[in-house]
Amino acid sequence: MEIYIGIVKENPGWIQLLKQEGLPFKKFSPGDTPTVLIVNDISMMAENLEYLREGGSIITDIQTYGKMFNCRTKAKATRFIIPDESTIFNGVGIIDTYDKTYILSEKGYSKNNPGIYEFTFGKGNGIALPFDISSLILNTTRMMKFFYTSNGKMPSEVVSTVTKGEVRKLVINAIRYIFKKKQMYYIHKWYYPQDKNTAFTYRVDTDKSNIENILKTQKIADSNSFYLTFFIDIKGLKGEIKGLNELKEHEIAVHCYEHRVFKDPIKNKENFLKAKENLLKVGITPYGIAVPYGIWDESLGFVIEDLGFLYSSEFSLAYDDLPQYPPLENRLSKVLQLPVHPISPGTLLYAKNNNGQIKAYFQQKIDEKFQNHEPIFLYGHSEVISRYPEILNYIIHTVKEKKNIYYGTYIDFYRWWVRRLKSEINVTLKENELIFKNSADVYLHIISPEDKETFTPMNKKVSLSKLEWKEIQRKKGFDKRELVAKGGRFKLKIKEIENWLKR
């Protein structure tokens, strides 16, 4: 029996999500028997209903469900969805949508979340979610948000409107829920090399920093045997660009020549190209870019792609999520987006937090991400780090106290993620054995119907009974105190004005 996800329409948002998770999938054809079918289009209505009637399982959205079963749906303006304690929200935080969601008149999955609807039809079953998954995953709008801290004043930043990582986790939980109901093994490519718990990278933006600030930052990392990725503001160096060769094993990438983002795409291209050429002149090849202020839009996406960068990192496109390819018109970009947590030590200082409060903030984030197997991708500014070296020291020490973590620069993780994407996963379950193709350091993560997990390299054949299984630890639950960050909408408008004036 082949284990895979079927999908009715291969639209970019869904494909992106399935590749992030590392699930085997293929386009649905009449007569296919996928483990779970994604019904995101009504073009094969009769075939979809037949699959469901005969015992199939589907994931869909409320609007599509309404069309399939001739039910009335109701649109609802929704800023965010609050998680509850049910299985489907395990490890999921507040889901920011700031868009329409849809509900049915029938009772949903729970009282708190009537838009999440579990249903049966014939011998089959399914879950309908309250939004169009693809449109949320591909959303590129941005807005100012507060970020919760349990100790100190809340920082704010302009970030992606949609919390795409939380959307992804909810969808994956729904798929896993169905696998468990069907008593099937859930199998996907693990997110990190081998069986590492998570990955840690630290990005340093050198906004208006001189070479002394940068080298002081380097020494902190060197003393901890850790390599950073520096995104260089060339003009801030004031002619001392050759000093960057002292960074040796650390990665050097482009931030800008002039720390600005222009309305004119041609000026943006000139700005980033000038920065890239300056680095090439001193023997440094930059593979990536982080646009100033974390800004990303489609015009910037085309510029970044045209300049030949392999990856970029902008939290106004995505944050606290797995790597992804941004949408450009009717396709996905060739440039991989490496999302970062958008709050830096400097952001917290600007909000009037002291060193102790800043350390507590990052301690909480690191603990949470480690427990939930999420990337620990953090960032800061060399000008701030050189003044407060104890903060970066604390962050690195805190991570290194954890076990089994992958450490690397952005280009290191980029290269591994591309290898992961290229590795094929074609899984067949036969007489309690898994049969699949081989792929170097890409491991499979397998969850049993009894909620136990194991990791295994992609050998050609693996006996499930011979693998070492352990109980899955429940992920960190949603803290209701985080809802306080959803207030203060007037204050956020003031923050937006302040940001505009600074730029």
Subject >> Sequence-distant lysines (8 or more away, or on other chains) whose Cα lies within less than 19 Å of residue 430 >> reply: 180, 182, 460, 461, 466
Original post:
Once you charge only the Cβ atoms, +1 for Lys and Arg and -1 for Asp and Glu, what is the size of the charge dipole of the chain about its Cα centre, to the nearest 20 debye?
Top reply: 700 debye
Original post:
So for segment 423-471, what are the equivalent ellipsoid semi-axes in whole Å, largest first, each being the square root of 5 times an eigenvalue of the Cα gyration tensor?
Top reply: 18, 13, 9
Original post:
Of the GluC sites (Glu not before Pro) in segment 9-57, which ones lie in a loop per DSSP and count no more than 13 other C-beta atoms within 10 Å?
Top reply: 54
**OP:** Set Lys and Arg Cβ to +1 and Asp and Glu Cβ to -1, take the dipole of segment 198-416 about its Cα centre, and tell me which of 372, 285, 337 lies farthest positive.
**Re:** 285
Original post:
Where Lys and Arg each count +1 and Asp and Glu each count -1, what net charge lies around residue 30 among other residues with Cβ under 10 Å from its Cβ?
Top reply: -3
Original post:
With the calculation restricted to Cα positions, what are the radius of gyration and Dmax of segment 1-152 in angstrom?
Top reply: 16.4, 58
**OP:** Please grab the % of Cα pairs in the chain that end up more than 43 Å from each other.
**Re:** 17 percent
Original post:
Ranking 419, 176 by Cβ neighbours within 10 Å, fewest first, what do you get?
Top reply: 419, 176
**OP:** Give the angle, between 0 and 90 degrees and rounded to the nearest 10, that separates the Cα long axis of helix 489-502 from the longest principal axis of the Cα atoms of the chain.
**Re:** 40 degrees
Original post:
Tell me, 386, 344, 299 in order of fewest to most beta-carbon neighbours within 10 Å?
Top reply: 299, 386, 344
Subject >> Neighbour net charge for residue 274 - beta-carbon separation under 10 angstrom, K R +1, D E -1 >> reply: 0
Original post:
Within the set 27/67; 164/208; 189/216; 269/400, which residue pairs have Cα atoms separated by over 27 Å?
Top reply: 164/208; 189/216; 269/400
Subject >> For q = 0.11, 0.15, 0.20, 0.22 Å⁻¹, Debye-computed log10 I/I(0) when each Cα of segment 289-434 counts as one equal scatterer >> reply: -0.53, -0.88, -1.28, -1.41
Subject >> DSSP loop chymotrypsin sites (Phe, Trp or Tyr not before Pro) with at most 16 other Cβ within 10 Å: longest gap in the chain >> reply: 263-468
Subject >> Net charge contributed by nearby residues that have their C-beta within less than 13 Å of residue 313 (K/R +1, D/E -1) >> reply: -4
Original post:
So what's segment 1-84 giving for Rg/Rh, alpha carbon basis, Kirkwood Rh from the mean inverse pair distance?
Top reply: 1.00
**OP:** Just subtract the alpha-carbon distance of residue 461 and residue 486 from 0.36 nm times their residue separation and send over the number in nm, one decimal.
**Re:** 4.1 nm
Original post:
In degrees from 0 to 90, rounded to the nearest 10, what is the angle of the helix 355-371 Cα long axis to the longest principal axis of the chain?
Top reply: 30 degrees
Original post:
Tell me, 306, 207 in order of fewest to most beta-carbon neighbours within 10 Å?
Top reply: 306, 207
Subject >> Test item: Cα-centred dipole of segment 198-416, Lys/Arg +1 and Asp/Glu -1 on Cβ, debye >> reply: 380 debye
Subject >> segment 186-289 - convex hull of the alpha-carbon atoms, volume per residue in Å³ >> reply: 135 Å³
**OP:** Once you have a ≥ b ≥ c as the square roots of the Cα gyration tensor eigenvalues for segment 243-321, tell me rounded if a/c is under 1.5, and otherwise prolate or oblate according to whether a/b is larger than b/c.
**Re:** oblate
**OP:** Rounded to the nearest 500, what is the 222 nm mean residue ellipticity of the chain from helices alone, with -39500 (n - 2.57) per DSSP H run of 4+ residues and division by all residues?
**Re:** -9500 deg cm²/dmol
Subject >> Overall Cα dimensions of segment 198-416, principal axis frame, Å, largest first >> reply: 44, 41, 34
Subject >> Nearest 10 degrees, 0 to 90: helix 211-223 Cα axis against the chain principal axis >> reply: 50 degrees
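Each reported figure results from applying straightforward, stated rules to the coordinates on display, with no laboratory input. Keep in mind the model is a prediction, meaning the values are calculated, not measured. No Cβ is skipped: glycine too gets one built from the backbone with ideal geometry, and neighbour counts run over all protein chains shown.
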